[in-house]
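Participant: Got a structure here, written out as structure tokens. Questions coming.
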Amino acid sequence: MRVRYALDESEVLDWTDEEQIQQVFLNINNRNHVQEGAGFKADELREKLFRPELAEMLTDLRRYGEQALREPLPLLTFQLFRQFGREGDRKAYEQVYFERRGRLAAVAMLALDAGTPHMVHALEEMLWAVCDEYTWCLPAHLGTGEAEQVAGNIDLFAAETVHMLAEIVILHRHHLDALVVERIRKEAERRIFTPLYREKRAYHWQIADHNWSAVCGGCCGMAALLLLEDQAMLLEANRQTINCMKAFLSGYGEDGGCAEGIGYWVYGFGYFVYYAEMLLDYTEGALDLLQGSKIAAIAAFPLRIHLSGGTFINYSDSSEHEEIPSGLLSLLAVRFGMEVDLPLRIPRLTEDPCRRWAHLLRNVMWSDPVVYKRIHREAAEQASGGFIFQQLEWMVAKHALHMPPNVQGETSKPCSDREWVQVACSFKGGHNDEPHNHNDLGQVIIHCGGENILCDPGAGLYTQAYFAPGREQLFHISSAGHNVPLIGGCEQRSGRKAEAELLEFRLEPDGSEMQALFDLTRAYSEATTLHRYTRHLSWKAGQDCVGMNGTMEVKERGGSCCSTGNPSDPGVHVDMATLRIIDRFQWKMDTEADTTKSSLNEPYVEAQVVERWISRVGPTMEKEGRLRWQASQANLYMNYDAVQWRVQTEAVHTVDHDQVPVTFYRTSLVWKGNEVTATKSEDERVEDAETANDAPLEIVCQVDFMVEPHQGEAEVSPRESLYSHSDISMEK
């Protein structure tokens, strides 16, 4: 890879300058690009494959490759192909499809060893089998799957397939049978190059502002650099590809945030980088797409949303524990001088459900242990800071807290002997028409010690229903699966008009304090009695807090008191973080009703508000008005007004994106309504009615969350189980 440590804005490529692109390709007209200008070299790849840091990955490849030699390649049958259209199930076909790609990737890598000719023969058979496939697309991307929808159709995986075949051909061209090489070139021409570059068909992804443009455009563009010999077609291919990359970047703001989430940053921006690097090598540095402040900001996205311990903010269709390809991150860290606070881990091929060749190859070629050792381990563990993605309206604050001593009953241990633990919080605004959108405006995540305690469910299982009308009813997508309220029986609505308005924001650079005020009224337009809904969030970390009979009092840091690990003890100083959320719900006046009917004494508002909190751990009742979630390195406490709100928790059983069963706990605070007003005196009711004549009716919910670190598993006394009351299985 080419190394550039400093970027000059004057060097940024003019994305619209097609004359420059044409001139560059004319200058390399006489060069043998297959031999010299594009792709990786087999000798270099073979040498890197046997480096010590790749030992686990290589063992996994060998095990997988041996399995591929023993077992016949699974078949993509007609019944599997039809299953999506008939039942909406895409998993059965895709499991076989990706298994075929995975075996091909493993054998192609292992066949680099000159002492394994049997691997080359197996590789030829697999390449031939992929060329025989009815389509390289997935049924989920083909409508009804009829012949006219298949011919010339290019989706994400058809593009990935042609790129994979092209790189394998270039790496093994001296050992493969000439007929296999010719067959691959013919299939690439028929399925990809002719419809895309010669016939110039229009594809929706060519102007998409999300991952499709980068993946489809980039994969086809890389295959063209490797396989096309017609210089006019090669120029057309790269002109189209660069326009796709321009469309892809239009989906990012200058803040570099990816609305689709960290998983799709890996996918979309990953293939953007892969194409950019190949183009840079092919043009001998003349065309460099990895330049400028916006690209640098996009490159920094995963590190900015990394909370600690390999756990990320996972809004949209992402996982908390997304695997960042070590090759991709190494290249970006070197190119943009980024400090990596993640441990070096080179992913195994079998850990990737899609078995992606592009990641595998570049993890071998680009993974750089030096990049991951640049930060001292202690400094990485104590990483603090805050960042706001202005266009996305995502906010994150990270701070290091002292861990209390793990000595039962001992409080005299010096604080200097404590260890550190990372605590973090994130808020989300934006709108409900983002790519891979979830209806989650006002969502909040609380993190400590590598664990999202108050969490986001992330991506669910992709089925036909997941992308069909009514998808907002699914748990992973619905606001019912997020830390936001139900108002007047209504969830948040979908669409661009459902938008958060950020009224105020403040963030300390060290991540110790963060505040935001959102107006979220537009997200609940179906709640016809709602006048206005605002959410105020105030986060503080690295403070000394005092437990006062279950209430929270924050003081400036001072003194050297240590924690006993019990915030309910009066006068005990503990090192913790706090989040206060104040939700205000104002209701419209009914001018045709009399005074008594417009008061809070009416049954129609009894269940107007239900606050929800999502976690992977079920809470316990400390006492009335306080809940506790026990995580691996911290306790999370929530104080609420038990007079105004009734608490209930339900277990929600669902499956994640990889169809693995998972249980979430949804803890609800239900406004008591009539139960409260029934206890008021007659004078108080009259006063309420008089106030209602002058201003919108208002309900206020204030909750205080407190994160208190502890050392390992704490001994827990028996408590009332909140989540035994309800047990829900969500439809898959």
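The values are calculated or read from the model by the stated rules, or taken from the named source; none is laboratory data. Since the model is a prediction, treat every value here as computed from it, not as a measurement. Counting neighbours? That spans all protein chains shown, and the Cβs are built from the backbone with ideal geometry, glycine included. To get the accessible areas, we keep the full protein, side chains included, count just its heavy atoms, and leave off ligands, DNA and RNA. Shrake-Rupley method; radii C 1.70, N 1.55, O 1.52, S 1.80 Å.
Participant: Exactly one condition in (1) modelled with pLDDT of 95 or more; (2) closer than 22 Å to CYS220 by Cβ is false for VAL107; which is it?
Facilitator: Only one criterion is unmet by VAL107, namely (2).
Participant: Out of the residues in region 528-548 that are at pLDDT below 90 and small (Gly, Ala, Ser), which is nearest to VAL703 (Cα to Cα)? Steps first, answer last, please.
Facilitator: Initial filter on region 528-548 (at pLDDT below 90): 542-548.
Then drop every residue that is not small (Gly, Ala, Ser), which leaves 542, 547.
Working: GLY542: 20, GLY547: 15 Å.
Across region 528-548, the extreme among qualifying residues is GLY547.
Participant: Taking the condition open to solvent by 20 Å² or more (accessible area, probe 1.4 Å), at pLDDT 90 or above and among the charged types (D, E, K, R), does ARG557 pass?
Facilitator: On the way: open to solvent by 20 Å² or more (accessible area, probe 1.4 Å): yes; at pLDDT 90 or above: no; among the charged types (D, E, K, R): yes.
No, not satisfied.
Participant: While we're here: What strands (runs of 3 or more DSSP E), lying completely within region 437-528, carry at least 2 residues that are over 17 Å from the mean Cα position of the chain (by Cα) and among the charged types (D, E, K, R)? Please lay out each step first, then the result.
Facilitator: Numbers: elements: 444-448, 451-454, 495-499, 501-507, 513-519.
Counting at least 2 such residues, we get 495-499, 501-507, 513-519.
Participant: Could I ask something else about it? Residues to consider are ARG101, ARG90; find the one that is among the basic types (Lys, Arg), modelled with pLDDT under 95 and on the phi < 0 side of the Ramachandran plot.
Facilitator: Criteria check complete, one pass: ARG90.
Participant: OK, next. Within region 569-580, does at least one residue satisfy the condition of being under 29 Å from ASN452 (Cβ atoms), among the acidic types (Asp, Glu), more than 35 Å from the chain's Cα centre (by Cα) and at pLDDT 50 or above? Lay out the reasoning, then the answer.
Facilitator: The first filter runs over region 569-580 and keeps only residues under 29 Å from ASN452 (Cβ atoms), leaving 569, 572-580.
Right, trim to among the acidic types (Asp, Glu) and you get 569, 575.
The next check asks that each one be more than 35 Å from the chain's Cα centre (by Cα); those that pass are 569.
So of that shortlist, the ones also at pLDDT 50 or above come out as 569.
Yes, region 569-580 contains at least one residue that is under 29 Å from ASN452 (Cβ atoms), among the acidic types (Asp, Glu), more than 35 Å from the chain's Cα centre (by Cα) and at pLDDT 50 or above.
Participant: Something else about it: Quick one: what pairs do we get from region 240-258, first residue closer than 17 Å to CYS216 by Cβ and touching a residue at least 40 places away in the same chain (Cβ under 8 Å), second part of a helix (DSSP H, G or I) and among the β-branched types (Val, Ile, Thr), C-beta under 7 Å, 6+ apart or different chains?
Facilitator: ILE242/ILE21; ALA247/ILE207
Participant: Please report, ordered by residue number, the helices (runs of 4 or more DSSP H) entirely within region 72-145 with at least 3 residues that are open to solvent by less than 30 Å² (accessible area, probe 1.4 Å) and touching a helix residue (DSSP H, G or I) at 6+ places or on another chain (Cβ under 6 Å). Explain how you work it out, then say what you get.
Facilitator: Working: elements: 78-87, 91-110, 117-132.
Fully inside region 72-145 and qualifying: 91-110, 117-132.
Participant: On to the next question. Sort out which residues of region 271-309 are closer than 22 Å to GLN390 by Cβ, polar (S, T, N, Q) and in contact with a Phe, Trp or Tyr (Cβ under 9 Å, 6 or more places away or on another chain), and write them in order of number.
Facilitator: So the first thing to find is which residues in region 271-309 are closer than 22 Å to GLN390 by Cβ, and the list is 272, 291-307.
Among the residues that remain, those that are also polar (S, T, N, Q) are: 291, 293.
Answer for region 271-309, where residues must be closer than 22 Å to GLN390 by Cβ, polar (S, T, N, Q) and in contact with a Phe, Trp or Tyr (Cβ under 9 Å, 6 or more places away or on another chain): there is none.
Participant: Here's a check for you: in region 236-255, which residue that is among the small types (Gly, Ala, Ser) and open to solvent by 10 Å² or more (accessible area, probe 1.4 Å) is farthest from LEU26 (Cα to Cα)? Before the answer, list the steps.
Facilitator: Within region 236-255, the first condition is being among the small types (Gly, Ala, Ser), and the residues that meet it are 237, 247, 250-251, 253.
Now drop any that are not open to solvent by 10 Å² or more (accessible area, probe 1.4 Å), which leaves 247, 250-251, 253.
Numbers: ALA247: 25, SER250: 28, GLY251: 31, GLY253: 34 Å.
Per the criteria, the residue is GLY253.
Participant: A further question follows. Return the pairs, sorted by first residue and then second, in which the second residue is surrounded by 17 or more Cβ atoms within 10 Å (Cβ to Cβ), the first residue lies in region 58-83 and is of a type in the set (Asp, Glu), the beta carbons are less than 7 Å apart, and the residues are 6+ apart or on different chains.
Facilitator: Pairs that qualify, where the first residue is of a type in the set (Asp, Glu) and the partner is surrounded by 17 or more Cβ atoms within 10 Å (Cβ to Cβ), are ASP60/ARG348; ASP60/LEU349.
Participant: Name the one entry in LEU179, LEU165 that is over 22 Å from ASN243 (Cβ atoms) and open to solvent by less than 10 Å² (accessible area, probe 1.4 Å). Spell out the reasoning first.
Facilitator: Working: LEU179 fails: open to solvent by less than 10 Å² (accessible area, probe 1.4 Å).
Answer to the check: LEU165.
Participant: Is one or more of the residues making up region 196-213 under 18 Å from LEU127 (Cα atoms), open to solvent by 40 Å² or more (accessible area, probe 1.4 Å) and not hydrophobic (A, V, I, L, M, F, W, C)? Lay out the reasoning, then the answer.
Facilitator: To start, the set of residues in region 196-213 that are under 18 Å from LEU127 (Cα atoms) comprises none.
No, that holds for no residue.
Participant: Moving on to the next point. Which condition number does TYR264 fail, the rest of (1) over 17 Å from LEU332 (Cα atoms); (2) open to solvent by 10 Å² or more (accessible area, probe 1.4 Å); (3) in contact with a Cys (Cβ under 9 Å, 6 or more places away or on another chain) being met?
Facilitator: Only one criterion is unmet by TYR264, namely (1).
Participant: Right, next: GLY268 - would you say it is within 18 Å of the chain's Cα centre (by Cα) and modelled with pLDDT under 95?
Facilitator: Numbers: within 18 Å of the chain's Cα centre (by Cα): yes; modelled with pLDDT under 95: no.
Judged against the criteria, GLY268 is not a match.
Participant: So, one more: Within region 607-617, restricting attention to residues that are under 22 Å from GLN422 (Cα atoms) and of a type outside the set (Phe, Trp, Tyr), which residue is most open to solvent (accessible area, probe 1.4 Å)? Break it down stepwise before answering.
Facilitator: First, pick out the residues of region 607-617 that are under 22 Å from GLN422 (Cα atoms): 613-617.
Going one step further and asking which of them are of a type outside the set (Phe, Trp, Tyr), we end up with 614-617.
Values: ILE614: 0, SER615: 1, ARG616: 96, VAL617: 48 Å².
The selected residue is ARG616.
Participant: Which of the residues belonging to region 281-308 are open to solvent by 10 Å² or more (accessible area, probe 1.4 Å), closer than 12 Å to ILE262 by Cβ and out of contact with any Asp or Glu (no Cβ under 8 Å at 6 or more places or on another chain)?
Facilitator: ARG304
Participant: Can GLU187 be described as more than 20 Å from LEU235 (Cβ to Cβ) and touching a residue at least 40 places away in the same chain (Cβ under 8 Å)? Show your work before the answer.
Facilitator: On the way: more than 20 Å from LEU235 (Cβ to Cβ): yes; touching a residue at least 40 places away in the same chain (Cβ under 8 Å): yes.
It is true that GLU187 is more than 20 Å from LEU235 (Cβ to Cβ) and touching a residue at least 40 places away in the same chain (Cβ under 8 Å).
Participant: Filter the strands (runs of 3 or more DSSP E) completely within region 364-429 down to those with at least 2 residues that are open to solvent by 20 Å² or more (accessible area, probe 1.4 Å), modelled with pLDDT of 90 or more and in contact with a helix residue (DSSP H, G or I) (Cβ under 7 Å, 6 or more places away or on another chain). Steps first, please.
Facilitator: Working: elements: 385-389, 394-402, 420-428.
By residue number, no strands (runs of 3 or more DSSP E) qualify.
Participant: Look at region 300-327 and say how many of its residues are part of a loop (DSSP other than H, G, I, E, B) and either closer than 22 Å to GLY442 by Cβ or among the hydrophobic types (A, V, I, L, M, F, W, C) (or both). Let's see the steps before the verdict.
Facilitator: So the first thing to find is which residues in region 300-327 are part of a loop (DSSP other than H, G, I, E, B), and the list is 305, 309-310, 313-325.
Checking the rest, the ones that are also either closer than 22 Å to GLY442 by Cβ or among the hydrophobic types (A, V, I, L, M, F, W, C) (or both) come to 305, 313-320, 324.
Residues meeting the conditions: 10.
Participant: Here's another thing I want to ask about it. Does any residue in region 618-639 that is of a type in the set (Lys, Arg) come within less than 7 Å, Cβ to Cβ, of a residue that is part of a loop (DSSP other than H, G, I, E, B) and crowded, with 21+ Cβ neighbours inside 10 Å six or more places away or on a different chain, and which pairs are these?
Facilitator: Within 7 Å, the pairs are ARG628/PRO619.
Participant: Next question. Among what's in region 516-536 and is among the small types (Gly, Ala, Ser) and either open to solvent by less than 20 Å² (accessible area, probe 1.4 Å) or free of Cβ contacts under 8 Å to residues at least 12 places away in the same chain (or both), pick the residue that is nearest to VAL444 (Cα to Cα). Give the steps one after another, and end with the answer.
Facilitator: The initial filter retains those residues of region 516-536 that are among the small types (Gly, Ala, Ser), namely 516, 523, 525, 527.
This time we only want the ones that are either open to solvent by less than 20 Å² (accessible area, probe 1.4 Å) or free of Cβ contacts under 8 Å to residues at least 12 places away in the same chain (or both), so: 516, 523, 527.
Working: ALA516: 11, ALA523: 16, ALA527: 22 Å.
This residue is ALA516.
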